[in-house]
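Worksheet for the structure shown next.
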Amino acid sequence: MQENIRNFCIIAHIDHGKSTLADRLLEETGALDKRELKEQTLDSMDIERERGITIKLNAVELNYKKNNKDYLLHLIDTPGHVDFSYEVSRSLAACEGALLVVDAAQGIEAQTLANLYLAIEHDLTIIPVINKIDLPNARPEEVKQELIDAIGFSPDEFIYTSAKTGEGIPELLEAIVDRIPAPTGKDNNKLQALIFDSVFDSYRGVIVACCVKEGTLKVGDKIEFMETKATYDVTELYVTTPKEVKKDYLEAGDVGYIVASIKDINDVKVGDTVTLAKDKADKPLPGYIPMKSMVFCGIYPIEANKFEDLREALEKLKLNDASLTFEPETSSALGFGFRCGFLGLLHMEIIEERISREFNIEIIATSPNVSYEVVLTTGEKIIISSPAELPAKEKITSILEPYIKTNIISPAEYIGPLMELCQDKRGTFINMEYIDKTRVNIHYELPLSEIVYDFFDKLKSYTKGYASFDYEFIGYRESNLVKMDILLNGEQVDALSTIVHKDFAYQRGKKVVESLRKLIPRQLFEVPVQAAINGKIIARETIKALRKDVLAKCYGGDITRKRKLLEKQKEGKKRMKQVGRVEVPQEAFLAVLKMED
Amino acid sequence: MKSAYIHIPFCSSICSYCDFCKFFYNGDLVDKYIDSLIMEIKDNYKGEELDTIYIGGGTPSSLDLKQLDKLLSFISNSLKVSKDLEYTIECNVMDITLEKLELFKKYNINRLSIGIESFNKDILSFLERDYTKEDIIEKISQAKQYFTNINIDLMYAVPNETLDILKEDILEFLKLDIPHISCYSLMIEDHTKLGIKDTNYISEDLDYSMYKLIEDTLEENGYDHYEISNYSKPGYESRHNLCYWKNHKYYGFGLGASGYIANYRYTNTKNLNKYLNGNYIAEKEIITKELNASNYAILGLRTKYGINKKEFKDNIGEDINQYFDTSDLSENDDSFYLDKSKWYIENSILVKFI
């Protein structure tokens with residue numbers, strides 16, 4: 001049976017048609033008919049659909065017949081964004097093959113390339129697929145040549161598809177069966193199942209998505225997670241087709257879901273190995289890395305009495321998302337909230353959006369920051385995830401910040417501006433490769449904090465949107481960093497404090513106070529806005545007192561209109577946070593980030 | 001029910017800033033309109049004795065003598081009025097003629113409201129008002145032969161206006177010796193000529209300086225600042241407008257007019273055809289206790305009189321300071337009110353009352 005199994009995933013850039021292609025495979029294999037096939041079935045969260053990206057993984061089992069032989073295809077969906085590269089690597093580890101889907105008009109992009117390299121590292125068989133050949137501006141032959149030049153495919157490996165029209169899909173399915181090797185585990189070996197995802201179900205607890213690499217797993221077995229040592233009794237096993245189909249057992253090569261009344265998401269770590277408690281595997285599958293938050297921000301309810309609701313929301317989100325971390329934090333400006341850790345900026349935005357959308361809690365998020373390693377004069381080393389935690393200057397020997405290495409793929413004509421941008425962001429040039437005649441992959445080492453700051457926006461504007469970008473974490477390095485405080489009406493607003501490089505402090509301080517002056521509406525009194533380092537003021541602006549806020553003319557009939565106006569104003573006020581005597585709009589807390597140079 | 005507003009939606013020219021309900025004057029249409037208006041009043045007026053009547057627009061004075069006579073005589077014959085009736089009609093400067101003044105007098109109109117807006121040539125042309133300072137002086141002196149209770153509308157915060165221009169406008173006004181003035185800072189509305197041209201407001205700070213200049217100068221000259229935009233000599237407050245601001249009930253007749261009767265506020269259709277066909281009311285809003293309480297605040301706090309304690313309690317059933325947080329307000333024996341220094345930023349305070 002195992003020789004008829006094919007486990008594969010799809011690697012594609014956002015918008016290059018991964019989800020549509022997946023839908024088409026579902027349709028072609030008869031897993032779902034057209035009526036059932038809501039557009040893009042695999043992306044189940046609204047936000048995913050709206051943003052056209054995949055956040056949570058899904059695995060689907062497809063039945064396919066070729067030459068009278070029945071095949072079982074497991075399509076394992078992968079997130080497409082760099083924030084989730086570890087999750088990607090785990091789902092790649094569950095597969096023997098990958099479809100590299102590239103848009104016939106746009107060619108390959110940085111994130112795709114990064115994920116492709118990951119797949120190659122995992123020894124996956126890659127099937128290059130040139131998609132969207134129905135587009136009027138498609139240039140499949142050029143894109144093909146690019147891929148040959150950049151990655152070294154041979155010309156006859158390529159499959160051309162249009163996920164939109166269905167063209168090429170039968171050929172693609174044949175290639176999957178012919179080229180991707182079957183998994184090679186043995187049913188009678190000790191159980192090793194790779195966890196590549198988990199989802200929370202309010203009735204059944206945490207459900208584990210896994211790929212059985214070796215051995216057999218049956219309902220009733222007591223399982224152990226090798227990293228967390230947690231044990232549970234399996235109550236249910238199933239696969240999705242994409243409908244749920246119950247199974248009595250899963251054996252080597254199978255991709256399915258384990259239900260075991262798991263209450264605590266922390267027991268289930270992506271990348272961990274499931275084995276049998278009584279008959280343990282000698283060692284776990286390779287590749288497990290505990291996930292580490294790279295980007296942090298404070299999240300506070302606008303209404304103080306929503307603190308418990310916010311905690312509940314975060315707990316619920318965490319049930320489905322082990323990489324989200326949070327702990328209570330108190331800010332003198334914002335009250336009670338949480339310091340939250342994320343894999344990256346996109347992850348952060350998604351969580352913030354889900355809190356307000358799914359849980360209806362109005363929140364203020366402070367500007368994001370990275371974590372720092374601080375070496376104290378005592379020799380002790382601490383890690384801080386918030387500027388507020390930075391000890392006094394006299395107690396610090398040095399501060400280290402996280403560095404990353406970039407893949408910036410861009411048309412060659414932007415090399416100049418891109419290098420300028422990276423230099424400005426304290427980057428160190430490593431090298432540069434030509435992917436094809438017109439495009440380069442530029443490698444720099446950069447402080448992550450600069451990426452968090454405004455790198456994405458800059459990158460887009462410097463290259464008219466043509467460059468794509470990906471990074472990997474390479475370690476902590478010492479930098480000359482200082483904490484910059486912001487004072488509103490003479491009071492320090494802890495939520496606006498940032499850690500900046502000393503050489504940039506003056507310039508950034510000036511810009512922050514300037515943009516705060518523009519973003520904070522006039523108050524009933526004059527409000528000074530200041531930036532300070534170690535108590536020394538480095539920049540100042542003044543928000544003038546409110547002078548006019550009145551509907552000058554008001555006849556009897558205008559009362560309805562006047563009320564509407566006031567209601568709107570009240571709504572706006574709701575989104576403000578009272579900081580001391582000053583009402584500060586939500587956007588102001590991100591002002592530290594969003595500045596024009 | 002002590003008051004009635006009657007709307008005449010016709011004008012002989014359209015000003016650049018105006019977003020009231022108005023149409024170009026057209027004799028035929030006006031005749032039909034007056035018939036319809038008379039029908040509406042007949043159908044809805046319940047016979048109460050009225051303290052104030054206000055004919056506004058549009059430009060009521062744009063009607064010809066015959067049309068005015070028809071309307072005014074109907075009002076005289078059908079509406080019951082009290083002995084100290086305040087009866088206002090709005091007039092355009094250039095519509096003032098001896099014949100019209102005499103007609104107004106004949107039907108017991110005792111207050112004129114004249115839209116002057118400015119004496120300055122450039123401001124008048126910006127607002128598309130077709131007269132000069134000399135015209136104003138001449139017409140006002142005519143009007144004063146018949147009426148003492150006169151209001152003048154003045155506009156400020158017009159683009160390119162300076163404090164000096166405004167100062168000059170106020171001085172010209174003072175020379176006229178008129179007992180009431182409404183000073184409005186220009187509002188740029190979406191569907192007006194100015195709105196369409198993307199006109200910008202003057203700066204908030206200049207606007208405020210102008211407001212203060214007006215207040216200081218008028219107060220020095222014996223005018224009482226009794227509502228955000230209104231000043232009067234003692235005894236000349238607009239009783240009709242105070243009816244709105246005290247949250248009292250009133251009829252609104254005519255196209256686009258609004259009224260407050262029984263337990264609801266209503267707004268008439270702005271569609272002339274519908275109106276001529278007798279479909280008067282477009283919207284009705286039931287005034288719940290909450291809405292009513294908040295209307296007392298939104299309206300009352302515009303005036304120096306504030307919210308009357310007894311009236312509030314009689315209508316809402318609770319004391320104001322039980323019902324609302326009154327910490328932003330001042331208090332005297334009769335009422336809670338907003339200190340004058342806060343009037344020009346009242347919205348930021350009123351949001352707490354909705």
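The values are calculated or read from the model by the stated rules, or taken from the named source; none is laboratory data. Remember, it's a predicted structure, so these values are computed and weren't measured experimentally. Every residue, glycine among them, receives a Cβ derived from its backbone with ideal geometry; neighbour counts consider all protein chains shown. In case anyone asks, the SASA skips ligands and DNA or RNA and just uses the protein heavy atoms, side chains included. Shrake-Rupley method; radii C 1.70, N 1.55, O 1.52, S 1.80 Å.
With a 1.4 Å probe and all protein chains in place, put A:D282, A:D264, A:D15, A:D321 in order of accessible area, largest first. It would help to have the intermediate numbers written out before the result.
Values: A:D282 140, A:D264 65, A:D15 100, A:D321 20 Å².
Listed by decreasing accessible area, they come as A:D282, A:D15, A:D264, A:D321.
Could you state the number of Å between the C-alpha centres of region A:187-222 and region B:84-158?
88
Return the Rg/Rh value of region A:493-595, two decimal places, where both radii are evaluated on C-alpha atoms and Rh is the Kirkwood radius.
Details: Rg = 17.1 Å, Rh = 15.5 Å.
We get a ratio of 1.10 for region A:493-595.
Where does helix A:415-424 land angle-wise versus the long Cα axis of chain A, in degrees 0 to 90, nearest 10?
Approximately 50 degrees, to the nearest 10.
As an exercise, find the ratio Rg/Rh for chain B from alpha-carbon atoms, using the Kirkwood inverse-distance average for Rh.
Dividing the radius of gyration by the Kirkwood radius yields 0.95.
In Å², what does the accessible area per residue of the protein assembly as shown work out to with a 1.4 Å probe?
Counting only protein heavy atoms, the per-residue value for the protein assembly as shown is 42 Å².
In debye to the nearest 20, how big a dipole does region B:289-354 give about its Cα centre with +1 on each Lys and Arg Cβ and -1 on each Asp and Glu Cβ?
Dipole size: approximately 220 debye.
How far, in degrees from 0 to 90, does helix A:140-151 lean away from the longest principal axis of the Cα atoms of chain A, to the nearest 10?
Tilt of helix A:140-151: around 90 degrees.
For chain A, take the longest principal axis of its alpha carbons; what is the angle in degrees between that and the long axis of helix A:345-358, to the nearest 10 within 0 to 90?
Result, in degrees: 80.
Run through the DSSP bridge list for chain A and note the antiparallel percent, rounded to the nearest 5.
Rounded to the nearest five, the antiparallel share is 85 percent.
At a 1.4 Å probe, which residues in region B:243-264 are at least 10 Å² less accessible with all protein chains present than in their chain isolated?
Checking the loss per residue gives B:Y244, B:W245, B:Y250, B:S258.
To the nearest 100 Å², how much accessible surface do chains A and B hide from each other in total, with a 1.4 Å probe? Could the numbers behind the result be given before it?
Numbers: alone 26770 and 16480 Å², together 40140 Å².
Roughly 3100 Å² of accessible surface disappears when A and B pair.
Using the Cα centre of region B:3-244 as the reference point, and only Cβ charges (+1 on K/R, -1 on D/E), how large is the resulting charge dipole? Debye, rounded to the nearest 20.
Rounded to the nearest 20 debye, it is 980 debye.
For region A:105-232, compute Rg over Rh where Rg is the Cα radius of gyration and Rh is the Kirkwood radius from the inverse mean 1/r over Cα pairs. Show your work: numbers first, answer last.
Working: Rg = 19.9 Å, Rh = 18.2 Å.
Radius of gyration relative to Kirkwood radius: 1.09.
Under a Cβ-only charge scheme (Lys and Arg +1, Asp and Glu -1), can you give me the dipole magnitude of the protein assembly as shown about the Cα centre, in debye to the nearest 20? Mind showing how you got there, number by number?
Working: 119 positive and 154 negative charges, 362 e Å.
The calculated dipole for the protein assembly as shown is roughly 1740 debye.
Sort region A:360-505 into rounded, prolate or oblate with this rule: let a ≥ b ≥ c be the square roots of the eigenvalues of the Cα gyration tensor; rounded if a/c is under 1.5, and if a/c is not under 1.5, prolate when a/b is larger than b/c, oblate otherwise.
prolate
For A:K553 and A:I148, what is the calculated FRET efficiency with R₀ set at 60 Å and r taken between the beta-carbons, to the nearest 0.05?
Computed FRET efficiency for A:K553 and A:I148: 0.25.
By the gyration tensor of its Cα atoms, with a ≥ b ≥ c the square roots of the eigenvalues, what is the shape of region A:248-289: rounded for a/c under 1.5, prolate for a/b over b/c, or oblate? Don't skip to the answer; put the middle values down first.
Values: a/c = 1.36, a/b = 1.01, b/c = 1.34.
Because its axes are fairly even, with a/c under 1.5, region A:248-289 counts as rounded.
Per Stokes-Einstein, at 4 °C and 1.567 mPa s, what whole-number D in µm² s⁻¹ belongs to the protein assembly as shown, with the Kirkwood radius over Cα pairs as the hydrodynamic radius?
My calculation gives 38 µm²/s for D.
Need the list of lysines near A:K425 for cross-linking: C-alpha distance under 16 angstrom, and skip anything on the same chain fewer than eight residues off.
Answer for A:K425, where 16 Å is the Cα cut-off: A:K405, A:K458, A:K460, A:K502, A:K594, listed by chain and number.
Taking the alpha-carbon centroid of each part, what is the distance from region A:120-158 to region A:283-331 in angstrom?
About 39 Å separates the Cα centre of region A:120-158 from the one of region A:283-331.
Quick one: plug the Kirkwood hydrodynamic radius of region B:289-354 (C-alpha pairs) into Stokes-Einstein at 20 °C, 1.002 mPa s, and report D in µm²/s.
Result for D is 185 µm²/s.
Rounded to a whole number, what % of the accessible area of the protein assembly as shown do carbon and sulfur atoms account for, probe 1.4 Å? List each step's numbers first, then the result.
Values: 19160 of 40140 Å².
Here carbon and sulfur together make up 48 percent of the probe-accessible area.
If r is the Cβ-Cβ distance from A:I396 to A:K570 and R0 is 41 Å, what FRET efficiency results, to the nearest 0.05?
Details: r = 45 Å, r/R0 = 1.11.
FRET efficiency, A:I396 to A:K570: 0.35.
Let me make sure I get this right: for region A:190-348, a, b and c are the square roots of the gyration tensor eigenvalues over alpha carbons, sorted descending. Under 1.5 in a/c it's rounded, otherwise prolate if a/b > b/c, else oblate. Which is it?
prolate
Taking region B:60-147, which GluC sites (Glu not before Pro) meet the DSSP loop condition and have no more than 13 other C-beta atoms within 10 Å?
Passing both the DSSP loop test and the Cβ count: no residue.
Tell me, which residues of region A:536-551 get at least 50 Å² less accessible area when the other protein chains come in, versus the chain alone (1.4 Å probe)?
A:R547, A:K548, A:D549, A:V550
Percent antiparallel among DSSP beta bridges with both residues in region B:3-244, to the nearest 5?
Rounded to the nearest five, the antiparallel share is 15 percent.
Quote the accessible area belonging to A:D156 in square angstrom, nearest 10, computed with a 1.4 Å probe and with ligands, DNA and RNA left uncounted.
Roughly 120 Å² of A:D156 is accessible to a 1.4 Å probe.
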